[in-house]
Amino acid sequence: RNNQALDRARGGLFDATAGFFALRTAISSPVTAAMDFESAMADVKKVVDDFDTSTEAGRQAFSGFKDELRALSKEIPLSVNELAAIAAAAGETGVVGEELVNFTRTAAIAATAFGMTAEEVSGVMFNLSNVFEMKIPEMEAFNDTVNHISNSMAASAPKLLDFTHSAAGAADFL
């Protein structure tokens, strides 16, 4: 009889432990995701002057930007944190306002299409936009061209961007 009671107690302890870990995971996953998102957005906020949350306009702009990133993450297969990393990198270079959303969208689409990281694509895009004074619509057209060439020829998008990036460096000296 004692062995049966011990077996039931062990079984109950095992069930309680499994339930605890399941509950902990269920509670901690969304909390961790929210913390990661807020951390990523803090990185954006510290480099974009438009998002000065000490003013009502800054709070509204920042809130609107967060909503736009969330919506963008539903359109493009990148996480909202990856999109925030693109935006933070763009913000460091002085991209602000609606251009920040457009740059983030363009870099994210290119990263997905080219099979590259968002950081790689956004770095190349920023460099090319500076050297050749390209605006976002011109960058979109450039990315479409790179994508078309890589799909129809034996050249990969990363190699084409690498070549263009190198050529842009040389063009900077001319």
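State whether one or more residues within the range 148-160 are of a type in the set (Val, Ile, Thr) and either crowded, with 16+ Cβ neighbours inside 10 Å or under 25 Å from Ala33 (Cβ atoms) (or both). Explain how you work it out, then say what you get.
Residues of the range 148-160 that are of a type in the set (Val, Ile, Thr), as a first pass: 149.
When the remaining residues are screened for being either crowded, with 16+ Cβ neighbours inside 10 Å or under 25 Å from Ala33 (Cβ atoms) (or both), the result is none.
Among the residues of the range 148-160, not one is of a type in the set (Val, Ile, Thr) and either crowded, with 16+ Cβ neighbours inside 10 Å or under 25 Å from Ala33 (Cβ atoms) (or both), which makes the answer no.
Are any of the residues in the range 66-88 of a type outside the set (Phe, Trp, Tyr), more than 13 Å from the chain's Cα centre (by Cα) and open to solvent by less than 50 Å² (accessible area, probe 1.4 Å)? Let's see the steps before the verdict.
Residues of the range 66-88 of a type outside the set (Phe, Trp, Tyr): 66-88.
Now drop any that are not more than 13 Å from the chain's Cα centre (by Cα), which leaves 67.
Those left that are additionally open to solvent by less than 50 Å² (accessible area, probe 1.4 Å): none.
Looking through the range 66-88, none of the residues is of a type outside the set (Phe, Trp, Tyr), more than 13 Å from the chain's Cα centre (by Cα) and open to solvent by less than 50 Å² (accessible area, probe 1.4 Å).
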**Study point:** Tabulated pairs, the range 135-164, first of a type in the set (D, E, K, R), second surrounded by 12 or more Cβ atoms within 10 Å (Cβ to Cβ), C-beta under 7 angstrom, 6+ apart or interchain
**Key:** Glu140/Thr106
Point to revise | Among the candidates Leu100, Leu78, residue that is of a type in the set (A, V, I, L, M), under 29 Å from Gln60 (Cα atoms) and not in a helix (DSSP H, G or I) | key: Leu78
Review point. Looking at (1) free of Cβ contacts under 8 Å to residues at least 12 places away in the same chain; (2) in contact with a helix residue (DSSP H, G or I) (Cβ under 9 Å, 6 or more places away or on another chain); (3) not polar (S, T, N, Q), which is the one condition that is false for Ala89?
Key: (1)
Check your understanding: When both residues are 6+ apart or on different chains and their Cβ atoms are under 7 Å apart, which pairs have a first residue that lies in the range 105-130 and is more than 16 Å from Glu82 (Cα to Cα) and modelled with pLDDT of 90 or more, and a second that is assigned to a helix (DSSP H, G or I) and of a type in the set (D, E, K, R)?
Key -> none
Practice item. For Phe114, indicate whether it is within 22 Å of Ile149 (Cα to Cα), more than 12 Å from the chain's Cα centre (by Cα) and open to solvent by less than 30 Å² (accessible area, probe 1.4 Å). Key: yes
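The values are calculated or read from the model by the stated rules, or taken from the named source; none is laboratory data. This structure is a prediction, so every number in the text was calculated from the model and none was measured. Methodologically, a virtual Cβ is constructed for each residue, glycine included, from the backbone with ideal geometry; neighbour enumeration extends over all protein chains shown. Just so you know, the surface numbers come from the protein's heavy atoms only, side chains and all, with ligands and any DNA or RNA stripped out. Shrake-Rupley method; radii C 1.70, N 1.55, O 1.52, S 1.80 Å.
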